[in-house]
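The values are calculated or read from the model by the stated rules, or taken from the named source; none is laboratory data. Worth saying up front: this structure is predicted, and the values here are computed from it rather than measured. We place every Cβ from the backbone using ideal geometry, glycine too, and count neighbours over all the protein chains shown. What goes into the accessible areas is simple: the full protein's heavy atoms, side chains included, and nothing from ligands, DNA or RNA. Shrake-Rupley method; radii C 1.70, N 1.55, O 1.52, S 1.80 Å.
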Amino acid sequence: MLRYRRIFGEWMLAVGIILILTGCGSGKAEQYGSVDTAMGTVVSQTLYVCGDREEAESEIAAVMELLTRLERQELSWRIQDSEVARINALSQKEAEAIQGQENAMREGMVVPISPVMQQTLQQIWQVSADSGGALDVTLGRLSRLWNLDALSAQATEISVPTQEQIRTALEDAGYERARISQETLELPPGMQLDLGAVGKGIACDRVGEYLRSRPQITGAVVAVGGSVITYGQKPDGSPWKVAITHPRKEGSYLGILSLTGEHYVSTSGDYERYVMVDGVRYHHIFDPSTGAPAHSGLCSVTIVCDSGLLADALSTACFVLGPQQGLALARSYGAQALLVEEDGTVHMTDDMKEIFIAQ
C-alpha cells in the first residue's frame, strides 16, 4: 500500500497593523497581501506600500509577472523557449546525433549561454565543489526517471527505478564534467540540467532586486514555496516572523525565525514531496552519489543568509551531507543553519540560536 502527499511547504508570516504612519513623507504605508501560484508552487506576498490599493495591486502583479517570466524565459526545463530547456534540447540533439557511432566523442559540446545564466551556474558550481558534489543540477535525467513531481495526491502506485535504470540516468550527469566560460557552457552530449534545487531561491533574489528598485515599498515578506525573502521593515519596527514547518507533525511549526531587514530563508525537507512504499520514504532530494533520495539521517534543513540562491543551494547540499558535514558547510559560508534529524534531534549554528524561537 502506498501513501502519497504533496505539500508545497508551509509558512507563517506575522504581520503588523494595517495602517500606520511611516517614512513615506506625509503619506501612509498600508499592508496588502496576496496568495497565488507560480513556478509550480504557492506564492505568498505581504507588502507595505505607500500608495493606494491600485498601486499596491500593481506591485503585487509585477512580482507575479517577474516570477512567471523567470520560469518561462530562464529556468524551466519543461517550457520549450526557456534557456535551460534550450540547453537541454541542444545537448539531447547532439547525443542522438552521435548515438551508435563507436568512435564518437562524448567529452564536450559547447552551448552559448546568457551572462545571467553564466553567473547563476558559476555560483551553483561553486557550492557543488565546496559540498563535494552534494549539490548537482545536472541530474535532469534522474529526476525525470523518478518523476515524483508528476504524481497526484490521489496516486496509488509508483514504479521505483531499478539500479540499472538509475545507472543509465547518471551516465551523462556530474557537474565536474561541465565547464563554464565566457558566455558558454561545455557539457557532455546528453547531460540535462534541472535547476529545481535552486530555482525558488533565484526567484527570491529577483524579487529582492525588484523591491530595492521600488521606494514606495517599505517592507515585504514574499514566500515562493519553501524559499522566503524578508525586506525592509514593518511600520511598527517589529521583526518579521517566519515559521519553520515541523517535518513530522503536519500543520505544526518547529519554531519561529525573528528577522530584521533583508534576509533569505530556504527550507529543504523530505516531507514536501514524497511517497511511501513498503514503509520507505522516497522524496525529491536526490543524493548524486547514489541516484536515489538522500538518506543522511536528516529530515529538514533551514538556511538563512544574504542570498536566495545560496540559501536554496545550501539547504539541499546540507540535507544530502547530513548533520555534521552539513553544519560545517553552512558555517564555511557564514550562513545560519538549523538541521533536524529523523529522530527529532536539532542542530543549529550559534547565530541561528539567536533568531530561532522553538515552539
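What the table below lists for this structure:
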| read-out | value |
| --- | --- |
| Filtered residues of segment 313-325 (kept if open to solvent by less than 10 Å² (accessible area, probe 1.4 Å) and either in contact with a strand residue (DSSP E or B) (Cβ under 8 Å, 6 or more places away or on another chain) or within 18 Å of T345 (Cβ to Cβ) (or both)) | L314, S315, C318, F319, G322 |
| Residue satisfying condition, being at pLDDT 95 or above, more than 21 Å from S34 (Cα to Cα) and crowded, with 24+ Cβ neighbours inside 10 Å, within set S289, S268 | S268 |
| Flag for G308 being among the small types (G, A, S), touching a His at 6+ places or on another chain (Cβ under 9 Å) and buried (at least 18 other Cβ atoms within 10 Å of the Cβ) | no |
| Count of segment 331-359 residues which are in contact with a Phe, Trp or Tyr (Cβ under 8 Å, 6 or more places away or on another chain), among the hydrophobic types (A, V, I, L, M, F, W, C) and surrounded by fewer than 23 Cβ atoms within 10 Å (Cβ to Cβ) | 1 |
| Tally of residues being closer than 15 Å to V265 by Cβ, among the aliphatic types (A, V, I, L, M) and out of contact with any Pro (no Cβ under 9 Å at 6 or more places or on another chain) across segment 286-340 | 12 |
| Unique residue being within 30 Å of L195 (Cα to Cα), out of contact with any strand residue (DSSP E or B) (no Cβ under 8 Å at 6 or more places or on another chain) and either open to solvent by 30 Å² or more (accessible area, probe 1.4 Å) or among the β-branched types (V, I, T) (or both) when the list is G33, G40 | G40 |
| In segment 167-185, the residues that are surrounded by 15 or more Cβ atoms within 10 Å (Cβ to Cβ) and in contact with a strand residue (DSSP E or B) (Cβ under 6 Å, 6 or more places away or on another chain) | A173, A178, L185 |
| Residue satisfying condition, being touching a helix residue (DSSP H, G or I) at 6+ places or on another chain (Cβ under 7 Å), at positive phi and at pLDDT 95 or above, within set G297, G322 | G297 |
| Single residue of V43, V84, V49, V63 found to be modelled with pLDDT of 95 or more and under 22 Å from S268 (Cα atoms) | V43 |
| Among (1) out of contact with any Phe, Trp or Tyr (no Cβ under 9 Å at 6 or more places or on another chain); (2) open to solvent by 20 Å² or more (accessible area, probe 1.4 Å); (3) under 22 Å from G251 (Cα atoms) - the single one A328 does not satisfy | (3) |
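Residue-by-condition table, conditions (1) under 23 Å from the mean Cα position of the chain (by Cα); (2) open to solvent by 20 Å² or more (accessible area, probe 1.4 Å); (3) not aromatic (F, W, Y):
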| residue | (1), (2), (3) |
| --- | --- |
| Y48 | no, no, no |
| R78 | yes, yes, yes |
| D81 | yes, yes, yes |
| A97 | no, yes, yes |
| S114 | yes, yes, yes |
| M117 | yes, no, yes |
| I124 | yes, no, yes |
| G132 | yes, yes, yes |
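Conditions (1) in a helix (DSSP H, G or I); (2) modelled with pLDDT under 95; (3) closer than 18 Å to G174 by Cα, marked per residue:
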{"site": "A95", "(1), (2), (3)": "yes, yes, yes"}
{"site": "G100", "(1), (2), (3)": "no, yes, no"}
{"site": "N103", "(1), (2), (3)": "no, yes, no"}
{"site": "E107", "(1), (2), (3)": "no, yes, yes"}
{"site": "Q118", "(1), (2), (3)": "yes, no, yes"}
{"site": "Q123", "(1), (2), (3)": "yes, no, yes"}
{"site": "S128", "(1), (2), (3)": "yes, no, yes"}
